[in-house]
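Visitor: Encoded as structure tokens, here's the structure I'll be asking about.
The values are calculated or read from the model by the stated rules, or taken from the named source; none is laboratory data. Everything quoted here is computed from the prediction, not taken from an experiment. A quick note on method: Cβ atoms are made from the backbone with ideal geometry, for glycine too, and the neighbour counts reach across all protein chains shown. In case anyone asks, the SASA skips ligands and DNA or RNA and just uses the protein heavy atoms, side chains included. Shrake-Rupley method; radii C 1.70, N 1.55, O 1.52, S 1.80 Å.
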Amino acid sequence: MKKFIKMSLVLGALTLSVNSCSTRQKVDLVVYNACIYTVDTSFSIHEAFAVDKGVFLAVGSTQEIRDCYKGRKELNLQGAAVYPAFNDAHSHFTMFAHGLSHADLRGAQSEEEIIERLQKHYELYKPDFLEGDAWDQTLWENKAFPTNEALSKAFPDIPVYLYRVDFHAYWVNDKAIELAGVKPGDPSIKPGEALLHPDGTFTGIFLEDTGAAISATAPSPNNATLKKYMMEAQNICFAYGLGSITDGGLLLHEIELLDSLQKEGLLKIRTDVWLTPSEENFARFQEPYLSDRLDITTIKLYIDGALGSRGALMYKPYSDDPGNYGIQVTSDEDFLDVCRLAQERGFRVSTHAIGDKGIRKVLDFYAQFLTPGNDLRWRIEHAQVVAPEDFKRFGELNIVPSIQPTHATSDMGWAEQRVGPERVKGAYAFKDLIQAAGWAPFGTDTPVEVFNPAYTFFAAVSRTNLQMKPEGGWYPEQILSREETLKGMTIWAAMGSCREKEKGSIEPGKWADFVVWTDDLMTIPIEEIPETSCQMNFLGGEQVFP
Ligand SMILES: [Zn+2]
């Protein structure tokens, strides 16, 4: 009986819509004959929608939509899968754009290979200084941090700055150290942030703030050059099927460049900018700023470093480095000052926290500002090694765990060596975090990983590398369902920036941000997911790719 009632209701609605559409309304775009995952609250699937003036007007069956709407443009997708445009909830867009001019060191298998790649890059561009991104010593035979002897020998005359894949460790040559004017024992060097030879000289590896200060002495590109790279970066994002990205931790001049490119109509991708807590930023942004393309509602903090470079703050020492507990990079006092200011001015706080002690500190700090039932959506970025008793605290104060599925599969080769067999159970524990908080926005942390949403999707549902290893997945109890994954990359990502009323699903009234995919991520065999890609990308109803 129940079934019958439901059926007649559906028929009733259909008849109504057919009757009410004796004339077809002219709209900008009609998409039909598609498999549309709306990611609405009931996760419904439809065949068609109409778009006008940048927003979805109606969603329904092909017949319903075509009976009622005539598009100035009409797309028969012949059954192709459509999703809300993907939203990268944690990335560093400006840094990624800068990196397009750097030597690419990702995946290099040895120090020799890195120097070869740098030499090739140098021959090609003859720069006055060299920067390289994403080296990772855990891929080498000797997994120890390198020293800079060979690097300084290969490049004696120009400074070289090489960023580890986590961007928390810096490998620089002697020339760069000389230009920065830093010497062993300088009071400006924070404890543990300069690695030394037994004789007390620098090895050339610097961590966190000390490394950042040295690399900050590298000349920065002018705005015209930067603009070129920003546009290139946007095109890469559109080709990947992204409609929204995050730009975590920007200085005022970087925000001004973004803003000016958006006002010129050149930069269109929807960007959630997180403020670096600088005096300039606080003077300029007395309150949050929102437009349809640019959100400035969040302040970015760091409590610790990263696991790969043993900077994550732990209660007990690293299992593979006795005596090392990691680094707290923001003092308690400074941290609380920023939280206070955020609360006064109505900003949210997003804090990078990776080690179990770092995460608990942030939970404790946030607890001074948040009350049960709040909807402020203060976030913990990465939440990588959580103590078992701390999971429930995310739910208790509605603190949002922001997760990066590809971090699990990039780090699984060494994570257990760092933290041992017990602590690893709460590491990259995405299922547990989603259970505790009810939801979680997904991101890539690009340029730590790559933007490619197919990789994020694959990592979340497989927890394997691209060769499908380890079989069955790394800690498979943390594998996510495809539905959770699609939500994490769309509606939950939108919720992560308080934008679910405008985007994140295909529903009437929301911005018409959607992608057509080469295959259906929700149904194809898992091993085929990484090869899928974006076929078309629409932002506010405008086609931005291809
Ligand atoms: Zn990040």
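Visitor: Convex hull over the alpha-carbon atoms of region 441-497: what's its volume per residue in Å³?
Guide: About 84 Å³ per residue, rounded to a whole number.
Visitor: Okay, helix-only estimate at 222 nm for the chain: each DSSP H run of n ≥ 4 adds -39500 (n - 2.57), divide by all residues, round to 500 deg cm²/dmol; what do you get?
Guide: Dividing the helical sum by the residues of the chain leaves -10000 deg cm²/dmol.
Visitor: What FRET efficiency comes out for LEU266 versus LEU290 if R0 is 22 angstrom and r is the Cβ-Cβ distance? Round to the nearest 0.05.
Guide: 0.65
Visitor: What is the distance, in nm, between label points placed 7 Å from the Cα along the Cα-to-Cβ direction at ALA150 and at LEU100?
Guide: A separation of 3.2 nm, rounded to one decimal place.
Visitor: Compare the peptides 192-198, 134-140 by average per-residue count of other Cβ atoms within 10 angstrom and give them in order, highest first.
Guide: 134-140, 192-198
Visitor: Return the subset of LYS26/LYS268; LYS143/LYS190; LYS263/LYS487; LYS53/LYS263 for which the Cα-Cα distance in this structure is over 28 Å, preserving the input order.
Guide: From LYS26/LYS268; LYS143/LYS190; LYS263/LYS487; LYS53/LYS263, over 28 Å: LYS263/LYS487.
Visitor: Please give the Cα centre distance for region 216-289 versus region 418-485, rounded to the nearest Å.
Guide: Centre-to-centre (Cα) distance: 28 Å.
Visitor: I would also like to ask the following. Using a 4.7 Å Cβ cut-off, which Cys residues in the chain lack a partner cysteine?
Guide: CYS35, CYS237, CYS339, CYS498, CYS534
Visitor: Can you classify region 223-501 as rounded, prolate or oblate using the Cα gyration tensor, where a ≥ b ≥ c are the square roots of its eigenvalues, rounded means a/c under 1.5, and otherwise it's prolate if a/b beats b/c and oblate if not?
Guide: It is oblate, given that a/c is not under 1.5 and a/b is not larger than b/c.
Visitor: Using all alpha carbons of region 102-215, what is the percent of pairwise distances in each 5 Å bin, ordered from the shortest bin to the longest?
Guide: Result returned by the calculation: 2, 12, 24, 27, 20, 10, 4, 1.
Visitor: Follow-up question, since we're still on this one. Please state the shape class of region 142-189: rounded when a/c is under 1.5, otherwise prolate if a/b exceeds b/c and oblate if not, all from the C-alpha gyration tensor.
Guide: oblate
Visitor: Okay, moving on. With labels modelled as points extended 7 Å from the Cα through the Cβ direction, what inter-label distance (nm, one decimal) is found for MET468 paired with THR523?
Guide: Here the modelled spin labels are 2.1 nm apart.
Visitor: Take the Cβ-Cβ distance between LYS190 and SER220 as r, set R0 to 25 Å, and report the resulting FRET efficiency rounded to the nearest 0.05.
Guide: With a Förster radius of 25 Å, E is 0.60.
Visitor: Please compute the contact order of the chain in relative form: average sequence separation of alpha-carbon pairs under 8 Å and at least six residues apart, divided by the residue count, as a percent.
Guide: 16 percent
Visitor: Between region 92-158 and region 61-77, what's the alpha-carbon centroid distance in Å?
Guide: Their Cα centres are 52 Å away from one another.
Visitor: Probe radius 1.4 Å, ligands and nucleic acids ignored: give me the carbon and sulfur share of the accessible area of the chain as a rounded percent.
Guide: C and S atoms contribute 54 percent here.
Visitor: What length, rounded to one decimal in nm, is gained on full extension from GLU256 through to GLN543, with 0.36 nm per residue of separation minus their alpha-carbon distance?
Guide: 100.7 nm
Visitor: Here's another thing I want to ask about it. Mind listing the long-range amide H neighbours of LEU294? Cut-off is under 5 Å, sequence gap 5 or more, other chains count too, H placed in the peptide plane at 1.01 Å from N.
Guide: Close amide H contacts, sequence-distant or interchain: THR271.
Visitor: What ranking, highest mean first, results for peptides 83-95, 104-116 when packing means the other Cβ atoms within 10 Å averaged over each residue?
Guide: Top of the packing list down: 83-95, 104-116.
Visitor: Follow-up question, since we're still on this one. From the C-alpha gyration tensor of the chain, pull out the three semi-axes of the equivalent ellipsoid (sqrt of 5λ each), sorted largest to smallest, in whole Å.
Guide: Those come to 42, 26, 23 Å.
Visitor: If you stretched the chain out fully between GLU280 and GLU141, how much longer would it get, using 0.36 nm times the residue separation minus the C-alpha to C-alpha distance?
Guide: Additional length available on full extension: 45.6 nm.
Visitor: If you take every DSSP beta bridge whose two residues both sit in the chain, what share of them, in percent to the nearest 5, is antiparallel?
Guide: Given both bridge residues lie in the chain, the antiparallel proportion sits at roughly 45 percent.
Visitor: Hey, what's the chain come to in accessible area per residue, 1.4 Å probe, Å²?
Guide: 42 Å²
Visitor: Next question. What would the Debye equation give as log₁₀ I(q)/I(0) for region 19-76 at q = 0.15, 0.16, 0.21, 0.24 Å⁻¹, counting only Cα atoms as equal point scatterers?
Guide: Log10 I(q)/I(0), no solvent term: -0.38, -0.44, -0.73, -0.91.
Visitor: Also: If you count only protein heavy atoms and use a 1.4 Å probe, how large is the accessible surface of GLU280, to the nearest 10 Å²?
Guide: 110 Å²
Visitor: Taking a ≥ b ≥ c as the square roots of the eigenvalues of the Cα gyration tensor of region 198-297, is the shape rounded (a/c under 1.5), prolate (a/b larger than b/c) or oblate?
Guide: Since a/c reaches 1.5 and a/b is larger than b/c, the shape of region 198-297 is classed as prolate.
Visitor: If the chain between ILE158 and THR203 were fully stretched, how many nm would it gain, using 0.36 nm times the residue separation less the Cα-Cα distance?
Guide: 14.4 nm
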